[in-house]
């Protein structure tokens, strides 16, 4: 491998720019389909929408393995250019689509843009020495911000193209602009890059040999968690914000853009940290921190009424007075802490007492009592006179939620770079193939995770179950990593 040169930097820049464009195009349906539905242009059901959003992700993920292998064989210059040109055709044809079937077929076609990651990783790594590949692959991976660019600018572009909704059929210009951008990027990339392949020539069986190794599948699981979760949450967080916090779709979109952007940019830092401290140490911190942060998100926004401390009769007698604030049995008075009496209630405070519009960081619980007897009742000693009620309220403040999710995005962004540093360390001559395998598994997380989230939501009715699932996956990743490290140390000691 060559030492770092100006030519190397040019290859890195063009590859990163190309991946950014491809990733932006790959995520276009999320904005376009939402626009078409909100404006009544098409009336697709939730299942159909799910497929339109998921098919490009699935295709781009599955094709990463063959694309990575092809890049190792003929070089990234040819493969990346072909991906850009091929995906531009169905992207353009979407502008002429008038049915769900046409949309689905063309979405399947431009999904190939997502496979550009596997080709770009293999192409870029060849231009830098091993000790810098973590940083370089982190910079390349920052092209994930293409998703943020689409969610940030495509809605405004649609608004301008359709003249604020006065000419709705002008939505068709959006995929045409994306198609043109793909073609222009193909020309720029082809003219500005040089082709390069690994020095050693391998047969097909040799290229596929890593599939048999447990380590590769373990790397795939790591990538399923860090990258698949980013892609999944980029889609899932919009309905999450709308349903849980009653935000508008526009506000939710800004929140999600703020999630996507750091997840992409931070890959640069993740690559540098992996070069300096090792991918193993970076992933250890990523999994550990994510587990803690995800646990913080498990408590849902909620209001619960539970039994509290009541009032029992100290001795037998007849009830002579029973009001919301006082019960009299014989010659004994029993003050009742009513809900609306204005008197200090028996409080169980976990946070600052405030109304629902204020700021609550921790759950807040308030207790009061409700009289259950009436005048004339004959009471036995120990009988309940007023039942206790405890109201527990947890605001799950949206800004606290946003900060925690933002931190999770940062950790996952660091992890995506660390995984590919692992691949560069263990498979320097098969980065395309192994990166393709790992990329397939990670991309499938972006396809299947929203489905899993939806199933758990439908089964429990609790939105925060998605964080429980991700926490479990993170724990599994951490355990497998520690077991692998222990096994390596044991082999070295022997």
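Remarks
- Only a single item in (1) closer than 20 Å to residue 91 by Cβ; (2) out of contact with any helix residue (DSSP H, G or I) (no Cβ under 9 Å at 6 or more places or on another chain) is not met by residue 164, and it is number (1).
- Which listed residue, of 93, 137, 85, 104, is over 24 Å from residue 47 (Cβ atoms), in contact (Cβ under 8 Å) with a residue 12 or more places away in the chain and surrounded by fewer than 24 Cβ atoms within 10 Å (Cβ to Cβ): 85
- Of all residues in region 113-127, at least one satisfies being more than 20 Å from residue 198 (Cα to Cα) and part of a helix (DSSP H, G or I).
- Filtered by the rule that a residue be in the same structural domain as residue 229 (by TED's automatic domain parsing), more than 26 Å from residue 468 (Cβ to Cβ) and touching a residue at least 24 places away in the same chain (Cβ under 8 Å), region 279-308 gives 279, 280.
- When region 257-273 is filtered for residues that are within 13 Å of residue 135 (Cα to Cα) and in a helix (DSSP H, G or I), the ones remaining, listed by number, are 265, 267, 268, 269, 270, 271, 272, 273.
- Of all residues in region 274-294, those being touching a helix residue (DSSP H, G or I) at 6+ places or on another chain (Cβ under 6 Å) and either at pLDDT 90 or above or part of a strand (DSSP E or B) (or both) number 9.
Quick grid of which residues meet (1) within 28 Å of the chain's Cα centre (by Cα); (2) under 19 Å from residue 181 (Cα atoms):
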| position | (1), (2) |
| --- | --- |
| 76 | no, no |
| 87 | yes, yes |
| 91 | yes, yes |
| 137 | yes, no |
| 143 | yes, yes |
| 150 | yes, yes |
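- Selection count where residues are touching a residue at least 60 places away in the same chain (Cβ under 8 Å) and either part of a helix (DSSP H, G or I) or under 15 Å from the mean Cα position of the chain (by Cα) (or both), scope region 455-481: 15
- Selection within region 146-168 - touching a residue at least 24 places away in the same chain (Cβ under 8 Å) and either outside the structural domain of residue 122 (by TED's automatic domain parsing) or more than 27 Å from residue 258 (Cα to Cα) (or both): 168
- The condition (being at pLDDT 90 or above, buried (at least 24 other Cβ atoms within 10 Å of the Cβ) and under 26 Å from residue 187 (Cα atoms)) is satisfied by just one residue among 27, 80: 80.
- The set of residues from region 6-15 being surrounded by fewer than 20 Cβ atoms within 10 Å (Cβ to Cβ) and in contact (Cβ under 8 Å) with a residue 60 or more places away in the chain comprises 7, 8, 10.
- Taken over region 295-311, the residue count meeting the criterion of being surrounded by 13 or more Cβ atoms within 10 Å (Cβ to Cβ) and assigned to a strand (DSSP E or B) is 5.
- Within region 175-186, the residues that satisfy the criterion of being surrounded by fewer than 21 Cβ atoms within 10 Å (Cβ to Cβ) and over 18 Å from residue 79 (Cα atoms) are 176, 177, 180.
- Looking across region 411-443, not a single residue is at pLDDT 85 or above and either surrounded by fewer than 20 Cβ atoms within 10 Å (Cβ to Cβ) or in contact with a strand residue (DSSP E or B) (Cβ under 7 Å, 6 or more places away or on another chain) (or both).
- Residue match in region 243-255 (condition: within 22 Å of residue 142 (Cβ to Cβ) and crowded, with 24+ Cβ neighbours inside 10 Å): no
The values are calculated or read from the model by the stated rules, or taken from the named source; none is laboratory data. Just so you know, these numbers come straight off a predicted model, no measurement behind them. Using ideal geometry, Cβ is built from the backbone for each residue, glycine included, and neighbour counts are taken over all protein chains shown.
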